1. Return the residues of segment 98-149 that are among the β-branched types (Val, Ile, Thr) and open to solvent by 10 Å² or more (accessible area, probe 1.4 Å); say none if nothing qualifies.
2. If I filter segment 159-177 for residues that are part of a strand (DSSP E or B) and out of contact with any Pro (no Cβ under 7 Å at 6 or more places or on another chain), do I get at least one hit?
3. Working only within segment 47-82, note down all residues that are free of Cβ contacts under 8 Å to residues at least 24 places away in the same chain, crowded, with 17+ Cβ neighbours inside 10 Å and over 23 Å from Ile35 (Cα atoms).
4. Would you confirm whether or not segment 199-213 contains a residue that is touching a strand residue (DSSP E or B) at 6+ places or on another chain (Cβ under 6 Å) and of a type in the set (Ser, Thr, Tyr)?
5. Could you say which residue among Asp243, Asp262 is in contact with a helix residue (DSSP H, G or I) (Cβ under 7 Å, 6 or more places away or on another chain) and acidic (Asp, Glu)?
6. Among the listed residues Arg34, Arg2, Arg71, which satisfies the condition of being among the basic types (Lys, Arg) and either touching a strand residue (DSSP E or B) at 6+ places or on another chain (Cβ under 6 Å) or modelled with pLDDT under 95 (or both)?
7. Pull out all pairs, ordered by first then second residue, where Cβ-Cβ is under 9 Å, the residues are six or more apart or on different chains, the first lies in segment 113-127 and is in contact (Cβ under 8 Å) with a residue 12 or more places away in the chain and farther than 14 Å from Ser229 by Cβ, and the second is open to solvent by 30 Å² or more (accessible area, probe 1.4 Å) and among the acidic types (Asp, Glu).
8. Pairs needed: first member in segment 83-95, of a type in the set (Val, Ile, Thr); second member anywhere, in a strand (DSSP E or B) and at pLDDT below 95; C-beta distance under 8 Å; at least 6 residues apart or different chains.
Amino acid sequence: MRRSTLFPVALAALGVAGMCLAAGLAAASPTLNRIKATGVITFGYRDNAVPFAYKDREGRVRGYSVELCTRVAGSIQKELGLSELRIEWLPVEASNRLDYVVDGKVDAVCGTTTITLSRMKKVDFSLPIYVDGGSVLVRAKSKLARLADLKDKRIAVISGTTTEEDLVSGLNALGLTAVLVPVKNGAEGMAMLTKGTVDAYAADRVVLAYLKLRAPDPKAYKFVTGDFSLQPFGLPVRRDDPDFRLAVNRALAGIYRTGDIDGIFQRWLGALGIPGPLLHSMFYLNALPE
């Protein structure tokens with residue numbers, strides 16, 4: 001009798017605690033307040049950042065980062081006790097994605113944004129969602145094999161990115177000069193490399209691997225040996241709303257802790273190979289307990 005009497009009381013207490021948690025989150029966070037009032041969360045996405053974020057031929061926004069953001073939205077919907085939560089997707093570029101967060105046009109950006117201390121002057125970041133390295137793709141028939149071989153060569157790179165900055169630092173460390181050719185996205189960089197307009201295309205290794213895999217002749221391209229940088233990706237969020245960042249991190253940590261990240265990884269990145277030890281460690285270290 002004692003057990004059956006206490007069990008409903010415990011459930012009621014949990015229900016009250018859950019409602020208090022949702023109310024507390026909303027009260028402390030201007031972003032969560034707005035989401036609760038409007039039933040809408042807005043994400044920016046980097047188009048042509050395949051396989052992390054892109055719009056398919058049917059107009060759907062898809063990708064590894066996009067699915068993580070969708071899961072974040074579901075977690076926030078549950079925490080706020082909303083029956084529905086609509087996601088609005090807004091395209092952003094590498095040059096303006098952080099400004100969109102600062103200006104409140106988007107609540108977070110889903111793509112391949114590298115976490116850096118200098119960027120933290122403008123925005124905050126979620127827990128890491130991926131760890132990658134900056135690398136260089138060249139034509140397979142070329143004699144280019146190492147970063148040092150790129151001396152005085154023409155290298156395509158998306159302007160205004162950490163990849164561009166790290167490439168310059170890597171070349172400077174070797175005492176090399178090269179001609180950097182700015183491009184808007186990976187498709188443009190690969191097109192220039194294919195035509196021979198540039199000698200190489202520099203980007204995040206996983207993005208290059210995907211572009212190489214999807215090329216008409218993947219064997220026509222090769223990587224130079226070694227990466228020139230470490231690129232931990234995160235979801236940029238506003239600096240003035242730690243409770244919204246906490247809600248985002250709670251969702252991500254849950255995905256890592258339950259192992260749901262395995263299926264998400266396989267869907268979008270499995271064709272590129274299994275996760276390496278560095279990525280495994282990243283998922284493990286960020287599977288934070290409640």
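1. To start, the set of residues in segment 98-149 that are among the β-branched types (Val, Ile, Thr) comprises 101-102, 106, 109, 112-116, 123, 129, 131, 136, 138.
Val102, Thr112, Ile115, Thr116, Val131, listed by residue number.
2. First, pick out the residues of segment 159-177 that are part of a strand (DSSP E or B): none.
No, segment 159-177 has no match at all.
3. Within segment 47-82, just Tyr54 meets the criteria.
4. Filtering segment 199-213 down to residues touching a strand residue (DSSP E or B) at 6+ places or on another chain (Cβ under 6 Å) leaves 199-202, 204-206, 208, 212.
Then drop every residue that is not of a type in the set (Ser, Thr, Tyr), which leaves 201.
Looking through segment 199-213, at least one residue is touching a strand residue (DSSP E or B) at 6+ places or on another chain (Cβ under 6 Å) and of a type in the set (Ser, Thr, Tyr).
5. Values: Asp262 fails: in contact with a helix residue (DSSP H, G or I) (Cβ under 7 Å, 6 or more places away or on another chain).
Exactly one of Asp243, Asp262 is in contact with a helix residue (DSSP H, G or I) (Cβ under 7 Å, 6 or more places away or on another chain) and acidic (Asp, Glu), namely Asp243.
6. Selected residue: Arg2, the only one of Arg34, Arg2, Arg71 that is among the basic types (Lys, Arg) and either touching a strand residue (DSSP E or B) at 6+ places or on another chain (Cβ under 6 Å) or modelled with pLDDT under 95 (or both).
7. Lys122/Asp99; Asp124/Asp240
8. Listed by first residue and then by second, the contacts come to Val92/Arg46.
The values are calculated or read from the model by the stated rules, or taken from the named source; none is laboratory data. Keep in mind the model is a prediction, meaning the values are calculated, not measured. Glycine gets a Cβ as well: all are built from the backbone with ideal geometry, and neighbour counts include every protein chain shown. Surface accessibility is based on the protein's heavy atoms, side chains included, excluding ligands, DNA and RNA. Shrake-Rupley method; radii C 1.70, N 1.55, O 1.52, S 1.80 Å.
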